[in-house]
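Enquirer: Encoded as structure tokens, here's the structure I'll be asking about.
We did not get these values from a lab; they are worked out from the coordinates using the rules stated. As the structure is a computational prediction, the values presented were derived from the model and not from experiment. Virtual Cβ from ideal backbone geometry, glycine too; neighbours counted across all protein chains shown.
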Amino acid sequence: MTFFSDTLLGQETSHTRPPFWLMRQAGRYLPEYREVRAKAGGFIKLCLTPELAAEVTLQPIRRFGFDAAILFSDILMVPHGLGQKLWFAEGEGPRLEPVTDPAALDLAGIETALEPIYTTVRTVRAALPNDVELIGFAGSPWTVACYMVEGQGGGEFTAIKALSYTDPAKLQAIIDVLVEASILYLTRQIQAGAGVIQLFDSWAGNLSARQFATWVIEPTARIVSALKAKFPHVGIIGFPRLAGGNLLAYAAETGVDGLGLDTGVPLDWAVKAVPHHITLQGNLDPLLLAAGGPALDQGIDDILTASKQRPFIFNLGHGIIPSTPPENVAHVAERVKFGKAA
Ligand code: 1CP
């Protein structure tokens, strides 16, 4: 067990600081990532070539000394594994051929097409120091379904919202495949060496309470309970981004050990309101990390203050943006990990 995992599971540790990692800690803000990315010949190739994916997973650990590495992959590798056509248009983000027939999705691909990802996990675990955790991940069914139904991200998700109201049985069939696929996929990651799991629900924010219960809480709870039954010591972090007033129901009903907070969640509120058996994670503004300067130090201080009140993992409120100067990330590491003054 690592310091990171112990904190997530609410166990006592001998550390006086929170463990830290940053969402999208591997990626385009790092010149060494851009170099490997250029060599890989495409983003999907990068995700499915174990030597390269392992290398970019390890790059930020070497540079900044995070307490956890996160497998380098993408939430859209699950639809890819299920046989849906996926490609990354240069400078435009992901594109998929919108799913029309849920019965055509093939669960076997999670074992076969995604096999290289499990090799990456094994390679990374073998290369990491024992006290550095390895986080495996998947997108939550709702967020992955958003891309599968729309064929892309970034918009208002009108097609999936329409489907949820006009043909909920069809959306349920897609979600059910994704629940099974996620359980298989995460089981394989854990067996290969992932000691913590994060479920990314980036698009959890555009749902009514009723829809949130059906499309976010219920499928997430099924994944968590299946994994917990097999792997009780693997902590699970849920990140229901922009969930707003639905956040407390998520915390109470999904069974997650940790709750990822987006930038808009007031920490002093979360420290009091979220059930105390849950470890909080977050929530420095990625744009503040990119901006740097005295405001960044104030943002770091706010999180360090909150982290003294209950088990806490230092992170951003969403992923690092590509224009972030790596020296700003080094500054966060020095302050959080080595206690350097502002
Ligand atoms: O060209 C490139 O290098 C591609 C950029 C990129 C990267 C670096 C994409 C495309 N994905 C990733 C890696 C990635 N994605 C990781 C790796 C581990 C890490 O260092 O954190 C993880 C965990 C993800 C997860 C992911 N992918 C999410 C959930 C988190 C979030 O940011 O909200 C989502 C929504 C995606 C979809 C996706 N993949 C890539 C992009 C640009 C996007 C977002 C598109 C959109 O805005 O809809």
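Enquirer: With θ taken as phi - 60° and the coefficients 6.51, -1.76 and 1.60, list the Karplus ³J(HN,Hα) couplings across region 63-69 in order, rounded to whole Hz; mark glycine and proline as x.
Expert: Here the 3J(HN,Hα) series is 6, 10, x, 4, 7, 9, 9 Hz.
Enquirer: Be a star and scan region 190-223 for residues whose amide nitrogen sits under 15 Å from the point 7 Å along the Cα-to-Cβ vector of A113.
Expert: Backbone N within reach: none found.
Enquirer: State the antiparallel share, in %, of DSSP beta bridges confined to the chain, rounding to the nearest 5.
Expert: Counting DSSP beta bridges with both partners in the chain, the antiparallel share is about 15 percent.
Enquirer: Hey, another quick one. Have a look at S140, T166, Y185 and report the one farthest towards the positive end of the charge dipole of region 127-205, computed about the Cα centre with Cβ charges (Lys/Arg +1, Asp/Glu -1).
Expert: The one lying farthest along the dipole's positive direction is T166.
Enquirer: D for the chain, whole µm²/s, Stokes-Einstein with Kirkwood Rh over alpha-carbon pairs at 20 °C and 1.002 mPa s: what number?
Expert: 107 µm²/s
Enquirer: Ordered by residue, what ³J(HN,Hα) values in Hz, to whole numbers, does region 29-45 give under the Karplus form 6.51 cos²θ - 1.76 cosθ + 1.60, where θ = phi - 60° and Gly and Pro are x?
Expert: Computed from phi, the couplings for region 29-45 are 6, 9, x, 5, 5, 4, 5, 5, 4, 5, 6, 6, x, x, 5, 5, 4 Hz.
Enquirer: Return the loop-located GluC sites (Glu not before Pro) in region 81-151 (DSSP other than H, G, I, E, B) with at most 13 other Cβ atoms within 10 Å of their own Cβ; answer none if there are none.
Expert: Hits after loop and neighbour filter: E90, E92.
Enquirer: May I ask you to compute the full-extension gain from Q152 to Q172, defined as 0.36 nm times their residue separation minus their alpha-carbon distance, rounded to one decimal in nm?
Expert: Going from the current span to full extension adds 5.2 nm.
Enquirer: Quick check: net charge around L288, other residues with Cβ under 13 Å of its Cβ, Lys/Arg +1 and Asp/Glu -1?
Expert: With Lys, Arg at +1 and Asp, Glu at -1, the net is -4.
Enquirer: On to the next question. Mind jotting down the distance between the C-alpha centroids of region 24-63 and region 130-197, whole Å?
Expert: 23 Å
Enquirer: For K85, go through the lysines and keep the ones whose alpha-carbon is under 19 Å away, minus same-chain ones fewer than eight residues off.
Expert: Leaving aside lysines fewer than 8 places away in the same chain, those within reach of K85 are K45.
Enquirer: Find which of G154, A251, G83 sits farthest along the positive direction of the dipole of the chain, computed with +1 on the beta-carbon of Lys and Arg, -1 on that of Asp and Glu, about the Cα centre.
Expert: A251
Enquirer: What do you get for Rg/Rh of region 261-342 when both radii come from the Cα atoms and Rh is the Kirkwood radius?
Expert: 0.96
Enquirer: Next question. Report, in listed order, any pair from K170/K272; K272/K337; K272/K340 with a Cα-Cα distance greater than 31 Å.
Expert: Over 31 Å Cα-Cα: K170/K272.
Enquirer: I've got another one for you. Straight-line reach only, C-alpha to C-alpha below 15 angstrom: list the aspartates and glutamates that K230 could link to, leaving out same-chain residues fewer than 8 apart.
Expert: E180
Enquirer: Among G260, I278, I300, pick out the residue whose Cα is farthest towards the positive end of the charge dipole of region 226-330, where Lys and Arg carry +1 and Asp and Glu carry -1 on C-beta, about the Cα centre.
Expert: I278
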